Each structure stands twice: as structure tokens, then as C-alpha cells.
Amino acid sequence: MHTSQIDLVAFGPEHLEGAVALSLQAGWPHRPEDWQTALAVSRGIAAVTDDRQVVGTALVTPYGTDCATINMVIVDEAARGRGLGRRLMQAALEIGSERQLRLVATTDGLPLYEKLGFQPVGTILQYQGKIPAIAAPDGIEPACEADFDAVMALDRAAFEADRRTLLTHIAKAGEFAVLRRAGRIQGFAALRAFGRGDVIGPVVAENLQDACSLISFFIVSRPDAFLRIDTTADTELAPWLESLGFAHVGGGIAMRTAGRTEAPARSHYKTYALANQAFG
Ligand SMILES: CC(C)(COP(=O)(O)OP(=O)(O)OC[C@H]1O[C@@H](n2cnc3c(N)ncnc32)[C@H](O)[C@@H]1OP(=O)(O)O)[C@@H](O)C(=O)NCCC(=O)NCCS
């Protein structure tokens with residue numbers, strides 16, 4: 001394969017099949033539907049050969065005007081080590097322009113991202129498994145349409161960027177649950193089909209106990225389901241997930257560029273589980 005014959009083009013429907021093959025080759029569980037969701041909320045780049053083979057991908061997912069994640073950065077094994085990953089990242093950085101850019105680096109991607117100026121800000125832990133029956137939590141209920149603005153506000157406070165577009169897609173494909181106290185929503189969790197089963201996330205709460213209750217709600221509602229949860233080491237959710245029977249299967253390093261950020265009003269709400277590793 002000759003890297004000189006590889007062009008970067010806007011990702012189109014004709015690249016989907018090749019992209020799914022690339023993520024499978026990288027050992028990632030994304031189904032065509034997962035790529036379609038990602039593409040619906042992102043701008044994509046495909047690296048294609050003269051004979052239209054897809055040998056690389058990168059997506060930029062904007063959140064409001066200040067922040068974006070770069071995700072699904074993959075180069076075909078046969079084309080690695082010849083600068084294509086850097087070319088894809090440079091194209092992604094141009095799309096992201098002046099936003100603060102966030103990503104989760106795998107071991108493969110870390111050296112490249114460090115060279116491009118990304119700084120590590122945390123550790124992502126990926127958990128999955130089929131969980132035996134647990135007790136139903138108190139105080140958690142399915143969200144209704146009228147709850148959505150409050151859910152958005154909590155997510156924005158915890159994530160420090162506006163993810164309305166992404167959360168609207170997740171709501172269409174899945175479901176939300178909320179923790180309501182004294183008539184106020186004080187935490188939420190989402191669940192949707194993803195990869196080999198369902199992913200629980202994002203989960204936003206004020207404290208670990210509330211986060212565990214929100215996650216328990218979906219574990220109880222999905223007996224026998226294969227569940228995935230991506231969390232961060234600093235949430236201290238991991239020991240509880242392990243006690244339930246979730247297996248630690250991977251993760252990465254959360255990284256950011258400096259860029260523009262929202263007002264630094266620190267919220268006491270925290271993201272206990274990511275939408276997934278790609279979306280943050
Ligand atoms: C990460 C990935 C996209 C890189 O693609 P690639 O085409 O091999 O990348 P490049 O050839 O452009 O190399 C990128 C840079 O990283 C450097 N690099 C790669 N591995 C390195 C290592 N172990 N130590 C130090 N530097 C390393 C290269 O030297 C290069 O630096 P340079 O541009 O200054 O010369 C590719 O390995 C991949 O698809 N991995 C599987 C999927 C994945 O994990 N993606 C990352 C998601 S976060």
C-alpha cells in the first residue's frame with residue numbers, strides 16, 4: 001500500500017462499510033448503527049486509496065461552539081507507521097479549529113496526540129459484563145419529555161459544554177432515567193444499544209451513591225443484557241462496578257488541548273459514566 005496514493009475526503013455513506021471493517025480490525029465493537037449515530041453528530045474524514053478502499057477514518061464531534069471531541073481515529077494495520085494517522089489528525093484539528101478539543105487516547109494513539117499538543121487530564125476505565133440480579137434502587141424513574149431541559153442543564157454543568165445534539169440522538173435511540181428529589185432532578189442516566197449490547201451513559205450525579213442508584217436502575221431493567229460502562233478513575237465508581245461483576249476490559253487516557261473553554265464555574269455535578277469512550 002502506498003501512502004502517496006491515499007486521499008483524505010469528506011466521510012460519505014459509501015465509506016461506512018470500510019469504516020466498520022476498520023473498527024473491527026482495531027478490536028472495537030462498533031456496529032454500522034453505532035457509526036451512523038457517530039456520523040449523524042460529527043464531521044467525518046475518510047482516507048481512501050485510488051481503488052476506493054477505506055484505509056483510515058477520523059471524526060470530529062462538536063459540542064456547542066466551544067468544545068469538540070476527536071474520535072474514531074483509525075488507520076488500517078497495513079498502512080500504519082507512514083504518516084497517515086498524523087494526516088488524519090491534522091485534518092481533524094483544522095475542522096475543530098479554535099474549539100477546545102478532547103479525546104481519549106489508546107496506547108497506539110498516545111505518542112501522536114502528545115506530539116500534537118494534547119495534555120493528559122485523566123484515566124478512562126472501560127467495564128463490561130452480564131450482571132446477576134441486584135436490588136432495585138429507590139427514587140429513580142424513567143425520564144419524561146418535560147425532564148429533558150433539566151437533564152441538558154445537568155450534563156452541561158458536569159461536562160462544561162453543550163451536548164444537546166448528542167443527547168437528543170441518544171434519547172431517540174435509547175432511554176433516560178432521572179433521580180428526582182423534592183420535585184427537582186438531581187441526576188440522570190442514559191442507556192442505548194451499542195456494540196455487543198447496551199451502554200449505560202452518560203451518568204451525571206452529585207455523588208457516588210446517586211450515580212450507583214442511577215446505574216442500578218438500568219441494570220435491574222436489563223436482566224441478562226451485556227452491559228458496558230465507561231467511567232473515569234477519579235469518580236471511584238470502579239470498585240463498585242467490580243463488586244457487581246463488571247470486568248475491567250480496557251480504557252485510555254483522556255486528553256485535551258488548551259483552546260477555548262466555558263466559564264470556569266465549577267459544578268458539584270460530575271460525569272460518573274461517559275456517553276462512551278469516543279464521545280466523552
Ligand atoms: C493510532 C493510529 C491511528 C496511528 O496511525 P499511523 O498512521 O500509524 O500514525 P503515523 O504513522 O502518522 O504516526 C504518528 C506519530 O506517532 C509516532 N509514534 C507511533 N508509535 C510511537 C511510539 N510507540 N513511540 C513514539 N512515537 C510513536 C510516529 O513516529 C509518528 O510521529 P511523527 O508524525 O512525528 O513521525 C494507528 O496506530 C491505529 O489505527 N491504531 C488502532 C486504533 C487506535 O488505537 N486509534 C487511536 C484512537 S485514540
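Candidates D234, D138: the one that is acidic (D, E) and outside any loop (DSSP other than H, G, I, E, B) is D234.
Flag: D198 does not match the condition of being outside any strand (DSSP E or B), under 17 Å from A275 (Cα atoms) and of a type in the set (D, E).
For the stretch 15-51, which positions are β-branched (V, I, T) and more than 13 Å from the ligand (Cβ to nearest atom)? Give the derivation first.
Within the stretch 15-51, the first condition is being β-branched (V, I, T), and the residues that meet it are 20, 37, 41, 45, 48-49.
Selection gives V20, T37, V41, V48, T49.
Filtered by the rule that a residue be over 21 Å from S221 (Cβ atoms) and aromatic (F, W, Y), the stretch 139-186 gives a lone residue, F159.
Every condition in (1) under 24 Å from G250 (Cβ atoms); (2) within 12 Å of the ligand (Cβ to nearest atom); (3) over 19 Å from the mean Cα position of the chain (by Cα) is met by I74 except one, and the failing one is (3).
Counting the residues of the stretch 81-119 that are near the ligand (Cβ under 6 Å from one of its atoms) and outside any strand (DSSP E or B) gives 12.
Report whether or not G201 is out of contact with any Pro (no Cβ under 7 Å at 6 or more places or on another chain), at positive phi and touching a residue at least 24 places away in the same chain (Cβ under 8 Å). Taking the combined requirement at face value, the residue satisfies it. Filtering the stretch 80-115 to residues that are farther than 22 Å from P29 by Cβ and in contact with a Ser or Thr (Cβ under 7 Å, 6 or more places away or on another chain) leaves R82, G83, L84, Q100, L101. Do you know which residues across the stretch 1-28 are surrounded by 14 or more Cβ atoms within 10 Å (Cβ to Cβ), at pLDDT 95 or above and not hydrophobic (A, V, I, L, M, F, W, C)? Of everything in the stretch 1-28, those that are surrounded by 14 or more Cβ atoms within 10 Å (Cβ to Cβ), at pLDDT 95 or above and not hydrophobic (A, V, I, L, M, F, W, C) turn out to be H15, G18, S23. Here E114, E141, E94 are screened, and the one residue that is modelled with pLDDT of 95 or more, of a type in the set (D, E) and surrounded by 14 or more Cβ atoms within 10 Å (Cβ to Cβ) is E114. Note on the stretch 141-159: residues that are assigned to a loop (DSSP other than H, G, I, E, B) and in contact (Cβ under 8 Å) with a residue 24 or more places away in the chain amount to 1.
The values are calculated or read from the model by the stated rules, or taken from the named source; none is laboratory data. Owing to the predicted nature of the structure, the values given are computational and were not obtained by experimental measurement. Every residue, glycine among them, receives a Cβ derived from its backbone with ideal geometry; neighbour counts consider all protein chains shown.
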